[in-house]
Each structure stands twice: as C-alpha cells, then as structure tokens.
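Values in this text are rule-based calculations from the coordinates and carry no lab data. All values reported here derive from a predicted model rather than from experimental measurement. Note: ideal-geometry Cβ built from the backbone for every residue, glycine included; neighbour counts use all protein chains shown.
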Amino acid sequence: MEHRKVEDVQQYINGKFVNAVSGERFENKNPFTNEVTNFVAKGDQHDIEAAVFAADQAFRKGPWGKMKLKERMKYIDRIADLIEEEAEKIAYLESLDSGLPISQTRKMAARGAENFRFYSRMVQARMHGDAYQVDEDFINYTVYQPLGVVGLITPWNAPFMLLTWKVAPALATGNTVVLKPAELSPLSANTLAKIMHKAELPEGVFNVVHGFGESAGEALVKHDQVKAISFTGETTTGKRIIKNSADSLKKTSMELGGKSPLIVFEDADFDKALDAAVWGIFSFNGERCTANSRVFVHKDIKDDFVSALKERVEQIAIGDPMDSNTELGPLIDEGHYKKVSSYIELAKEEGCEVVQGAIPAGFEKGNFVPPTLLLNAKNEMKVCQDEIFGPVMAVIEFETEEEVVEMANDVEYGLAGYVWTNDIKRGHRIAQAVDSGMLWINSQNVRDLRIPFGGMKASGIGREGGHFAIFEFYTEPKAIHVSIGDHHIPQFGKKK
Ligand code: NAD
C-alpha cells in the first residue's frame, strides 16, 4: 500500500481545529519504522479549560440539550454513514499509527460505524423510564437525563474502536464530550473530529484535546464541570483517576487490564480450541485487554497441543501492517517493545522454555516482538501474574477441574475467560466459577453489542456496552413523584 503524507494534528474545540494554547507539539512516530509521522498539538490544563467550557455551554445553552430525539439521532446516523464512507482511510491511519495489521483495522473501522448505529437504535428503543402506580394516591415515574459534560479517556491498543464505543453512547444519550485520546495513537481520533465537523454537529458538542495523561488527562479528570469520566487503560492509571476524581465527586467507569485464562479440557474440539487460543493472543499484536495470555491445557493433551502451538507460532505472518496478509505487526512504541522484551527475558530466568517465531529480515527498524510461547509455565510466576500486553502466551498444565479453577482465579485481574470442553455441564460450571466479567464457552472473543462489557477485580468497575452504557453510566435516573389523590400530609404545628 502506498504511504501518504499525514497532516499534523490539532485540537478540536468548539467546532474549530486549533493549536494547543501553549503552541507546543509532540512527535508522533510510526511503529513500523520509528520515523516521525507527524506532529500533534500538546494540550494541557488550558486546552482542557477551553474544551470543557465549550462543551458546558453547548450542553446548557446550545441546541443539543433541547434537541428532539429524532433530530439528535439523525446526527448519530450521519456520523455512522461518514465513518463508513471513510472506513478505508480510518483503517490506513490506524495501522500507520498503531502498527495493527490492516486486515484487523478494517474490521475495527466497521465496528466504529456500528457503534453509532447501534446506539442510535438503542436510545430510541430503550431509553425510557418506568412508571409505578401507588394505590390511588401517587404515580411515581423515572426519567433518564444526560449528565452534561463527560470526559472520555482512551488507550492506544484499538484506538478508534474503543473511542467510538464511548463517544457513541455519550452523544446519543444527549451529553457533550471532551475526548482525550492516547498520545501514542492520535490519528483516528483526529479523523473522528473531522467527521463530526463534516456532520455539522453543533459547536462544542464534541471536542478532542490531544496531549499526555499526566497533564491533559489529569486536568480533565479534576475539572469541576466534568460530570463523569469513562476510562479505558491500565489498572494503575485507573486507580490514579479514581483518586483524582474524588474531590469533584465524579462518576467513573473503569475498563482496565487483564490476564485472562483460556482452559482447554481433554475432550475439547482440539482444532477449534487451537485456532481460538492462537488468535486470542496474537491478534491486535497481543495488545488486547481480553487476550488469553494464560492458557491452561489438560495434561492428557498438553504435548499434542504444545506441538500444534509451536507449528502455528512459526507460521504466523509477521510483517508490514499495511500488507493485508500480515497477521502480526510491530508493537506501539519502543518503550512498550522494551517492556514486553524484558518479560520474555524474565520468563527464561523464571524457568520457562521460550519458543518464538522469527522476524523476517528487513524489519529491524520496527518494534517487532515475535509470537512467543512460554512453555512449562507455573501460574505463580511473575510472567503469569503481570499483564505483559504483547504477543506472549504462557502455557500451564493442569489435571483437575478444581485445580484449574483455582489457578485461573489466582491472579489480580478478572476481565475475560475462555473454556473449551464438550461437556456442557462442565462448561457452565467453569463459566460460573471463574472470576471474570466475561466468559466464553467454546468460542473466541466475539461480542454482540447488546451484551455488557467489563471486568471485575483489578480489571475494572462498572459495565459499558448495550443498555448498560445508557442506564448505568451516561444518564442520571431521576425519580418523579406525583400526587393524584388526596393523601394524608402530617400537620405539624396545626392546632388540634
Ligand atoms: P494507559 O493507562 O497508559 O493510558 C490510557 C489513557 O489514559 C491515555 O489516553 C493516557 O494519556 C491517559 N492517562 C495516563 N495517565 C493519566 C492520568 N494520570 N490521568 C488521566 N489520564 C491519564 O493505558 P494504555 O497503555 O494506553 O493502554 C493499555 C492498557 O489498557 C492495558 O492495560 C489494557 O489491558 C487496557 N485496556 C483495557 C480495556 C478494557 O476494556 N478493559 C480495553 C483496552 C485496553
């Protein structure tokens, strides 16, 4: 694919593309070459001030807050149409920015459009309250109202898909938005700003402030006018955000890290379990929150499963993210490359046998870590407890159901889990026993948009997705009590 020159990225505030207030910019690098792709406006507290002011005005004084539902949904549908029209460009920019293979970013761009379509349908069909008649005295009812300005903070691992997943329900429910995308992958957020501009969204309804977490991110989290923060990223960052949001008593939603187990029993459909295990860790370059980074294999099939894994690892197509045959691209940046590589060294020290695919010649400039198996791993090893967030799968042997459930749960995280067995009772037993927000039986990670997404333990607080995003996060339920009869009111101070 031909490489095009990419323009520099500005903030999008109050319907205008502007430089950072400080005038500063930072370099954005291509993970495949480590060359500078372009420069990005480096926002800080001042840019956040401007964006939140614009979003607050748009909510309280602009047309958005009072707009009829059908009219608001026309904008949401239009955004989905425009994403579809620009899907190929979005996929290109996303692959350029993140190193994710283009065959995968094409699907992510399509999913981005679907996020808007889905929330247009969902809000029209489901965003309603309940009514309760209380004898002949009262009717009580609930309405769901938008919160106001919401702050959305997103990571770099699947940038466009993850940010549309937040922006779509936030706007569809009537909020206004300040988005702070990851500094390592600003391009697709900038494209979304352009799409919003083209869709002629009223000024201030959608704003993007590019910049770093410690400055722009923290300012957004601490801002008094921001009513809620939806965050996806690392667990340590999530903890910091919760602390920083305490003084302004913000609602927060936390989608954090994972170290998810995939359990293969001896009666499993071997080939399908193999396909799922390999795809589940090596897609998204291994930078996937729900990746099956710990694979537990029953001792009766372990040798065969490991030989099949080795064969696959050798054959995974490592390459240029822009090549549609590439299955595994480079990691997001040099810092992350070093982190993942150091875990592979640690695995050797901890006693694992390390088996890796080979990086083809000519790719030396990129942040490539080959697909990696950590064999003979033990669940208590650090490489089985920490989120490595790269193409690294630990393989752990087990014998009994009880033992494997204990190991699966003996970890800080609780995001996803996968179990492979043809014993349907056992499948359900495991699904209910593993401490994770989501569990797949005989399936890889495929998710219908109606189902809640999120984790337990250190993997998160709250659920988004489906109607959960609407009712549990982006709106405030209000209870209204109406007297319809002549009920008794205590008469304090009235002479008897
Ligand atoms: P990160 O926590 O480093 O950064 C995420 C975002 O937070 C970025 O926009 C960053 O600028 C911002 N940020 C950083 N410090 C901040 C602060 N003090 N205040 C406010 N904002 C701040 O995460 P990352 O490295 O970009 O992403 C990888 C992580 O995301 C992994 O742990 C992965 O598991 C997790 N993740 C979770 C899910 C999920 O749904 N559970 C999905 C994708 C990724």
Give me the angle, in degrees from 0 to 90, between the Cα long axis of helix 235-245 and the longest principal axis of the Cα atoms of the chain, rounded to the nearest 10. 20 degrees
So for R0 = 41 Å, FRET eff. of residue 431-residue 495 from the Cβ-Cβ r, to 0.05, ends up at 0.05
Considering the Cα positions of segment 27-108, please state its Rg to one decimal place and its Dmax as a whole number of Å. 17.7, 48
Highest mean packing first, using Cβ neighbours within 10 angstrom, the peptides 254-263, 238-247, 218-227 sort as 254-263, 218-227, 238-247
Spatial separation of Cα centroids for segment 432-452 and segment 199-234, in angstrom: 30 Å
Compute the acute angle (0 to 90°) between the alpha-carbon long axis of helix 270-282 and the principal axis of greatest extent of the alpha-carbon atoms of the chain; round to the nearest 10°. 70 degrees
For segment 261-441, Kirkwood radius (reciprocal of mean inverse C-alpha pair distance, Å): 16.4 Å
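What FRET efficiency comes out for the pair residue 16/residue 49, r = Cβ-Cβ distance, R0 = 22 Å, nearest 0.05?
Computed FRET efficiency for residue 16 and residue 49 comes out at 0.90.
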Go through 302/348; 61/250; 5/180; 16/339; 166/198 and tell me which ones have a Cα-Cα distance over 26 Å in this structure. 16/339
Angle between the Cα long axis of helix 302-315 and the longest principal axis of the chain, 0 to 90 degrees, nearest 10? 80 degrees
What does the charge add up to near residue 248, with Lys and Arg as +1, Asp and Glu as -1, over the other residues with Cβ less than 14 Å from its Cβ? +1
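So what's the projected area for the chain, the Cα convex hull averaged over all directions, in nm²?
If I average the Cα hull's projected area over directions, I get 27.9 nm².
Near residue 144, within a Cβ-to-Cβ distance under 13 Å, what is the net charge of the other residues, with Lys and Arg +1 and Asp and Glu -1?
Value of the local net charge: -1.
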